[in-house]
Amino acid sequence: DTTVKQNPRYKLARVGKPVNLICSQTMNHDTMYWYQKKPNQAPKLLLFYYDKILNREADTFEKFQSSRPNNSFCSLYIGSAGLEYSAMYLCASSRAGTNTEVFFGKGTRLTVV
Amino acid sequence: GEQVEQRPPHLSVREGDSAFITCTYTDPNSYYFFWYKQEPGASLQLLMKVFSSTEINEGQGFTVLLNKKDKRLSLNLTAAHPGDSAAYFCAVRSGSFNKLTFGAGTRLAVCP
């Protein structure tokens, strides 16, 4: 099974409320990623886990949190959602290495109102 | 950091015509290049990856050209059919950990 599963597919959140998005994979990949995609923009890497080590991109460092309780699961957490967080959130995973494929989930569409 | 520009953002062609999409990137140290296809409601699917100074890779119904000298990556669907209608994204890997920098995508519509 080469699928990355994301739940939920659609999420509605209120401004100021927390949001938690879930991702799982059963490929035993050591790296899991979260990308944010807004309409007509490129998917943008927010953060990734290599094994148990979290790496956050510099310009999104304070806006997103993540946890990886085991190899298969990874969550993306927004402590206080703002309107600017409305986007598609793509989870991906891969095995470390120079010639490995990155597999993507179908995404969670978050709408903040 | 790496920046990727993809053109055109929208493309409409007739069935049987060619569809040409191009990406330019900025980091000369980038070394892996990818094309992804995304159909509505589906995940990004890898079409092809390329790794070389100048390379032409042929897939089923498409050709990918990489020109590292010009820092340009292109995708040519040689005889498009309606099933090719989708969003196409180029992506560039530089550095470690399979971190990808994407283009903004091309929405391709192939009309019968």
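Brief remarks follow.
- Considering every alpha-carbon pair of chain A, the percent of pairs per 10 Å bin, from zero through the bin containing the longest distance, is 15, 50, 30, 5, 0.
- Under a Gaussian network description of chain B, with springs only between Cα atoms under 10 Å, the residue in B:28, B:40, B:82 that fluctuates furthest is B:40.
- C-alpha center-to-center spacing [the range B:36-112, the range A:1-80] in angstrom: 24 Å
- Each Lys or Arg adds one and each Asp or Glu subtracts one; over the other residues with Cβ under 12 Å from the Cβ of residue A:10, this totals +4.
- Build a GNM of chain A with springs between Cα atoms under 10 Å apart, and of A:16, A:97, A:82 the one that fluctuates most is A:97.
- Restricting the range B:10-112 to trypsin sites (Lys or Arg not before Pro) that sit in a DSSP loop and have at most 11 other Cβ atoms within 10 Å of their own Cβ leaves B:69.
- For a straight C-alpha distance cut-off of 13 angstrom, the aspartates and glutamates reachable from residue B:68 (same-chain residues fewer than eight places away being disregarded) are B:27, B:55.
- About its Cα centre, the dipole of chain A is roughly 440 debye, where the only charges are +1 on Lys and Arg Cβ and -1 on Asp and Glu Cβ.
- Only the Cβ atoms of Lys and Arg (+1) and of Asp and Glu (-1) were treated as charged; on that basis the dipole of the protein assembly as shown about its Cα centre amounts to roughly 620 debye.
- Among residues other than residue B:107 with Cβ under 15 Å from its Cβ, the summed charge is +2 (Lys and Arg +1, Asp and Glu -1).
- The calculated pair-distance distribution of the protein assembly as shown uses every alpha carbon pair, bins of 5 angstrom beginning at 0, and gives 1, 7, 15, 18, 19, 17, 12, 7, 3, 1, 0 percent.
- Neighbour-count order for A:59, B:27, fewest beta carbons within 10 angstrom listed first: A:59, B:27
- Placing unit charges on each Cβ (+1 for Lys and Arg, -1 for Asp and Glu) gives the protein assembly as shown a dipole about its Cα centre, and among A:88, B:74, B:105 the Cα reaching farthest toward its positive end belongs to A:88.
- Inter-chain Cβ neighbour count for B:37-45, averaged per residue, equals 4 (cutoff 10 Å, partner chain atoms only).
- Where Cα atoms sit under 21 Å apart: lysine pairs in chain A separated by 8 or more or lying on different chains: 20
- Taking amide H positions as modeled 1.01 Å from N, with prolines and chain starts lacking one, the residues under 5 Å from residue A:106 and 5 or more places away or on another chain are A:6.
- Shape annotation for the range A:35-89: C-alpha extents along the principal axes are 32, 23, 21 Å, from largest to smallest.
- For the range B:8-112, the alpha carbon convex hull comes to 92 Å³ per residue, rounded to a whole number.
Where a number appears in this text, it was derived from the coordinates with a stated rule and is not lab data. It should be emphasised that the depicted structure is a prediction, and the values quoted were computed from it without experimental measurement. Virtual Cβ from ideal backbone geometry, glycine too; neighbours counted across all protein chains shown.
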